[in-house]
Amino acid sequence: MLRRILLCLFLCLALLGAAAVFLPHASAATGDDETLVYVNFRDIRDLNPHLYAGELYAQNLLYESLVRITEKGIEPWLAEKWDISEDGRVYTFFLRKDVFFTDGEKFNAAAAKANFDAVLDNAARHGWLEMVRLMDKVEIVDDYTLRISLKEPYFPMLIELGVTRPMRFISPQCMKNGTTKDGVTGLVGTGAYILAENVVEQKATYVRNQKYWGEKPAIRKIEVRVIPDNQTRILALEKGEIDLIYGKNMIDAETMEKFSAMKGFKTILSEPVSTRMLLLNTTRGALQDVKVRQALQHAVDKVTISEGLFHGIESPADFLLAKTVPYCDVDLKPYAYSPEEAARILDEAGWKREKGQKIRTRDGVPLQITILYNSNSVPEKTIAEYLQSEWSELGIDLKILGEEEQSYRDRQKAGDFDIVFNISWGTPYDPQSSLSAMRTVVYGDYAAQLGLKEKAKLDESILKALVSTDMKERRELFSYILTTLHEEAVYIPLTYERNRAVFRERVRNVTFNPSQFEVPFEKMSLGE
């Protein structure tokens with residue numbers, strides 16, 4: 001019965017999502033065979049490559065790094081090659097000699113060092129990156145050779161150099177007093193595109209860098225329109241006013257289903273990229289008891305969430321990080337969905353439901369828990385309401401609290417929550433970034449784990465795993481970390497997220513980068 005209620009709720013949401021009236025297909029509004037019209041839900045904001053307020057897709061168009069993360073692994077980008085010392089502490093990069101910033105400034109070791117110095121000057125802002133903490137010095141060997149020395153070896157070093165921010169290069173001429181932490185005077189990179197115009201909250205226009213050092217992209221111009229409303233975006237795509245909607249947070253399951261069956265459009269899905277989960281605060285109320293946390297693991301029907309809300313696009317998740325993530329293929333037993341087992345564990349923990357009572361109590365205290373969600377997220381609200389209904393049958397009084405994103409994030413960092421929605425950092429940041437963020441206040445992980453007896457050992461093991469040069473030791477440490485968190489039931493994995501795209505057939509070669517936050521425009525082309 002409850003599943004029917006949930007599915008009805010999902011269907012109602014789908015019907016609301018389909019309420020817009022769709023018009024016949026038409027040609028793109030630009031009428032330009034060399035222009036791709038993309039859409040985003042907000043303005044580009046601050047595209048300083050060393051900070052975090054700007055849109056990642058835009059930063060990826062303008063700025064480049066020493067190395068590139070590809071499906072094949074780490075490949076050269078602005079560095080032609082590199083050497084790593086035997087002890088894993090010194091990286092020597094040999095830079096390309098044919099690269100210029102779009103303001104005419106030469107890219108060389110001095111420009112590269114200026115960028116690293118700017119990031120390190122604001123090191124506290126980049127605490128989620130172990131690489132920044134471990135950097136000892138950055139030196140110019142010669143005009144086109146750069147040496148980076150670390151305090152300790154760090155196996156994800158090249159990965160963190162290759163992510164979209166903050167290790168991308170901006171022209172030193174755009175820095176303020178040799179740094180970027182207080183802003184920049186221009187948005188000048190070495191990338192394949194240049195920001196030609198930005199009409200705030202309306203559209204941004206990027207044009208191909210005609211002096212680009214590498215292979216020039218096929219698409220001459222990219223116009224990015226700002227359309228905050230999901231249904232308006234969908235209507236614009238069907239009318240031919242835009243060419244492409246891209247990203248797991250931009251496209252819901254109903255939209256994927258609709259356009260996959262429509263002539264003139266295509267849809268694609270990536271492999272799993274991140275884990276949608278619940279984070280349980282081990283310092284709060286009943287959740288201090290591992291048995292209660294384990295009972296809740298058995299009380300979540302992930303199949304219904306996957307099929308009812310996401311139409312199977314997000315598959316049920318058994319573990320904090322998927323087994324396909326490096327070092328995460330650990331032999332763990334999933335918590336099977338079983339309300340009966342959940343009830344048994346709660347009874348065993350002393351949380352009883354007396355005759356005539358709807359809510360369980362222990363020593364006169366009701367089993368009441370609050371779940372915090374981002375009020376801008378329809379899936380989080382829907383899942384919270386579903387769990388409220390399901391868990392009431394178990395005698396759990398689940399309160400729901402939705403707050404706007406900044407307040408939601410602030411509560412996480414402060415540990416001011418019982419249960420909160422969470423998403424792993426995803427590819428290519430995992431496992432290192434998700435685990436590293438557990439050692440310090442980044443989001444809610446650190447605060448949520450403070451009730452664990454082994455918290456200090458977990459933190460120490462995470463650090464050891466990140467700096468170990470012994471692969472066997474590294475695997476053993478990751479196994480201990482993931483096993484402990486699983487057995488302590490700190491996280492309830494819900495689904496594995498997949499990136500997605502919907503586009504007109506005229507857009508060719510739409511693919512996914514290893515980084516889920518990038519849009520690989522440089523690989524695309526336009527046809528008839």
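The values are calculated or read from the model by the stated rules, or taken from the named source; none is laboratory data. All figures in this text were calculated on a predicted structure; none of them were measured in a lab. All Cβ positions, glycine included, derive from the backbone under ideal geometry; neighbour counts span all protein chains shown. Note: accessible area is taken over every heavy atom of the protein model, side chains too, but ligands, DNA and RNA are not part of it. Shrake-Rupley method; radii C 1.70, N 1.55, O 1.52, S 1.80 Å.
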Checklist entry - Counting DSSP beta bridges in the chain, what percent are antiparallel, to the nearest 5? => result 80 percent
Next on the checklist: With equal scatterers on the alpha carbons only and no solvent term, can you work out the Debye log10 of I(q)/I(0) for region 289-354 at 0.13, 0.17, 0.25 1/Å?
Outcome noted: -0.47, -0.73, -1.04
Checklist outcome for this item: Relative contact order as a percentage, the chain, C-alpha pairs under 8 Å and 6+ apart, gives 20 percent
Checklist outcome for this item: Hull surface over four for the Cα convex hull of region 402-468, reported in nm², is 5.0 nm²
Item to check | Lysine pairs meeting the criterion (Cα under 26 Å, 8 or more apart or interchain), as found in region 190-344 | outcome: 29
Checklist outcome for this item: So the carbon and sulfur contribution to the accessible area of region 338-408, 1.4 Å probe, in percent, is 45 percent
Checklist entry - Residues of region 332-372: accessible area per residue at 1.4 Å, in Å²? => result 62 Å²
Checklist entry - residue 201 to residue 42: extension gain in nm, 0.36 nm per residue of separation minus the Cα-Cα distance? => result 56.6 nm
Checklist entry - Quick one: which of 187-198, 382-393, 97-108, 491-502 comes out on top by average Cβ neighbours within 10 Å, and what's the full order, highest first? => result 491-502, 187-198, 382-393, 97-108
Checklist entry - With Cβ to Cβ distances under 13 Å as the rule, what net charge do the other residues near residue 59 carry (K, R +1; D, E -1)? => result -1
Next on the checklist: In whole percent, and with a 1.4 Å probe on the protein chains, what portion of the accessible area of region 49-138 is carbon and sulfur?
Outcome noted: 48 percent
Checklist entry - Just the C-alpha atoms of the chain: what Rg/Rh do they give, with Rh taken as the Kirkwood radius? => result 0.99
Checklist entry - What net charge do the residues around residue 408 carry, taking every other residue with its C-beta under 13 Å from that of residue 408, with Lys and Arg at +1 and Asp and Glu at -1? => result -2
Checklist entry - How many percent of the accessible area of region 441-501 is carbon or sulfur, using a 1.4 Å probe? => result 51 percent
Checklist entry - So which trypsin sites (Lys or Arg not before Pro) in region 396-454 pass both tests, a DSSP loop state and at most 15 other Cβ atoms within 10 Å of the Cβ? => result 453
Item to check | Convex hull of region 154-276 built on C-alpha atoms - directionally averaged projected area, nm² | outcome: 11.6 nm²
Next on the checklist: If you count only protein heavy atoms with a 1.4 Å probe, what accessible area per residue comes out for region 222-312, rounded to a whole Å²?
Outcome noted: 33 Å²
Checklist entry - Which listed residue (154, 395, 481) has the Cα farthest towards the positive end of the charge dipole for the chain, taking +1 on Lys and Arg C-beta and -1 on Asp and Glu C-beta about the Cα centre? => result 395
Item to check | Charge tally in the Cβ shell below 13 Å around residue 498, where Lys, Arg are +1 and Asp, Glu are -1, residue 498 excluded | outcome: -1
Checklist entry - Mind checking the dipole of the chain: about its Cα centre, +1 per Lys or Arg Cβ, -1 per Asp or Glu Cβ, Debye to the nearest 20? => result 280 debye
